[in-house]
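Trainee: Structure below; questions to follow.
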Amino acid sequence: MERLDHFLSGAQVASRKELKALLKAGSVTINGTVCKDGSQKIDPARDEIRYLGQLVEADRRVILLLYKPAGYVTSTDDPRDPTVMELLPPAYRRYAPVPVGRLDKQTEGLLLLTNDGALAHRLISPKYEVEKEYFAIHEGQTCEEDVRAFQEGLVLADGTRCKPAVLTPLGPGQSRVIVTEGKYHQVRRMLASRGCPVQYLRRDREGSLTLAGMEPGQIRELTPQEALELDR
Ligand code: URA
């Protein structure tokens, strides 16, 4: 059980101060009955709370999967470029999800956003070895020697050491790459270090999540089952 005013401020309907006046004006109903008393106890899981007729949902964990199009920066705020936050449907904004990791401005593909900080940390941390799979179009052609170099762990031009990764050549100018970390421009720099500068990059998979059935710019909330699997 929770106080009505606490529930409403947690759901960011209004500040606690403003709520007093809103309640007094009869703007809030509990199960269809006007309630003017902020100290009234409610059960957020059972009671239907409405503010000006709109259902108020409890603050909750939100995990969104965005098919990021090229041209958007992975940031909550940018003075020049459009950000991925502009692709969020307004209904999700109040849960304040933030991007999990980063895709370059020109990279397309799967980007998670969440308000669960601990989950975000786990998905990003190389320690947990969550696989990220990319499709790349590049100059040149990758070969078995490159596959071995990826397997052994590349050392990039500036001395950065990469964890072992899986490279799959797909024919002239196309490869798949699976990494378990997210260093700056990592996949681009890995392929460039083997003489294959990247022209197009798309993240197709993170863990067991894919872009199946989605178009660039689309966003969807994870199903409860998918969210549970991420917690494992
Ligand atoms: N590697 C890159 O080089 N760029 C990305 O956006 C993601 C991984």
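Trainee: Go through the stretch 81-153 and tell me which helices (runs of 4 or more DSSP H), entirely inside it, have 2 or more residues that are closer than 15 Å to residue 64 by Cα and within 13 Å of the ligand (Cβ to nearest atom).
Mentor: On the way: elements: 90-93, 117-124, 144-152.
Once the helices (runs of 4 or more DSSP H) in the stretch 81-153 are filtered for at least 2 residues that are closer than 15 Å to residue 64 by Cα and within 13 Å of the ligand (Cβ to nearest atom), nothing remains.
Trainee: For the stretch 129-162, how many residues are of a type in the set (D, E, K, R) and within 23 Å of the chain's Cα centre (by Cα)?
Mentor: Step one: filter the stretch 129-162 for residues of a type in the set (D, E, K, R), giving 129, 131-133, 139, 144-146, 148, 152, 158, 161.
From what is left, the residues that are within 23 Å of the chain's Cα centre (by Cα) are 129, 131-133.
Of the residues in that region, 4 qualify.
Trainee: Just to verify a result, which residue in the stretch 65-80, among those that are in contact with a Ser or Thr (Cβ under 7 Å, 6 or more places away or on another chain) and more than 16 Å from the ligand (Cβ to nearest atom), is nearest to residue 215 (Cα to Cα)?
Mentor: Filtering first and then ranking leaves 76.
Trainee: Mind checking which residues of the stretch 76-89 are more than 13 Å from residue 114 (Cα to Cα) and open to solvent by less than 30 Å² (accessible area, probe 1.4 Å)? Step through it out loud before you land on a result.
Mentor: First, the residues of the stretch 76-89 that are more than 13 Å from residue 114 (Cα to Cα): 77-83, 86-87, 89.
Once the filter is applied, which keeps residues that are more than 13 Å from residue 114 (Cα to Cα) and open to solvent by less than 30 Å² (accessible area, probe 1.4 Å), the stretch 76-89 yields only 83.
Trainee: When residue 211 is evaluated against the numbered criteria (1) touching a helix residue (DSSP H, G or I) at 6+ places or on another chain (Cβ under 8 Å); (2) buried (at least 17 other Cβ atoms within 10 Å of the Cβ), which criterion, by number, is the only one it fails?
Mentor: (1)
Trainee: Between a residue in the stretch 120-132 that is in contact (Cβ under 8 Å) with a residue 60 or more places away in the chain and any residue that is among the hydroxyl-bearing types (Ser, Thr, Tyr) and surrounded by 12 or more Cβ atoms within 10 Å (Cβ to Cβ), which pairs come within a Cβ distance under 9 Å, given they are 6 or more apart or on different chains?
Mentor: What qualifies is 123/114; 130/180; 131/180; 132/180.
Trainee: Another question, then. Select from the stretch 182-205 the residues that are open to solvent by 10 Å² or more (accessible area, probe 1.4 Å) and assigned to a loop (DSSP other than H, G, I, E, B) and write down the one among them that is farthest from the ligand (Cβ to nearest atom).
Mentor: My answer is 195.
Trainee: Scan 153, 159 and give me the residue that is more than 21 Å from residue 204 (Cβ to Cβ) and in contact with a Lys or Arg (Cβ under 7 Å, 6 or more places away or on another chain).
Mentor: Numbers: 159 fails: in contact with a Lys or Arg (Cβ under 7 Å, 6 or more places away or on another chain).
Within the list 153, 159, the selection yields 153.
Trainee: A follow-up question, please. Regarding residue 174, is this residue surrounded by 13 or more Cβ atoms within 10 Å (Cβ to Cβ) and away from the ligand (no atom under 14 Å from the Cβ)?
Mentor: Values: surrounded by 13 or more Cβ atoms within 10 Å (Cβ to Cβ): yes; away from the ligand (no atom under 14 Å from the Cβ): yes.
Against the criterion (surrounded by 13 or more Cβ atoms within 10 Å (Cβ to Cβ) and away from the ligand (no atom under 14 Å from the Cβ)), residue 174 qualifies.
Trainee: Could you list, in sequence order, the residues of the stretch 32-51 that are over 15 Å from residue 2 (Cα atoms) and not in a strand (DSSP E or B)?
Mentor: Within the stretch 32-51, the first condition is being over 15 Å from residue 2 (Cα atoms), and the residues that meet it are 32-34, 36, 50-51.
Once the filter is applied, which keeps residues that are over 15 Å from residue 2 (Cα atoms) and not in a strand (DSSP E or B), the stretch 32-51 yields 32, 36.
The values are calculated or read from the model by the stated rules, or taken from the named source; none is laboratory data. Owing to the predicted nature of the structure, the values given are computational and were not obtained by experimental measurement. Cβ coordinates were reconstructed from backbone atoms using ideal geometry, including for glycine residues, and neighbour counts include every protein chain displayed. To get the accessible areas, we keep the full protein, side chains included, count just its heavy atoms, and leave off ligands, DNA and RNA. Shrake-Rupley method; radii C 1.70, N 1.55, O 1.52, S 1.80 Å.
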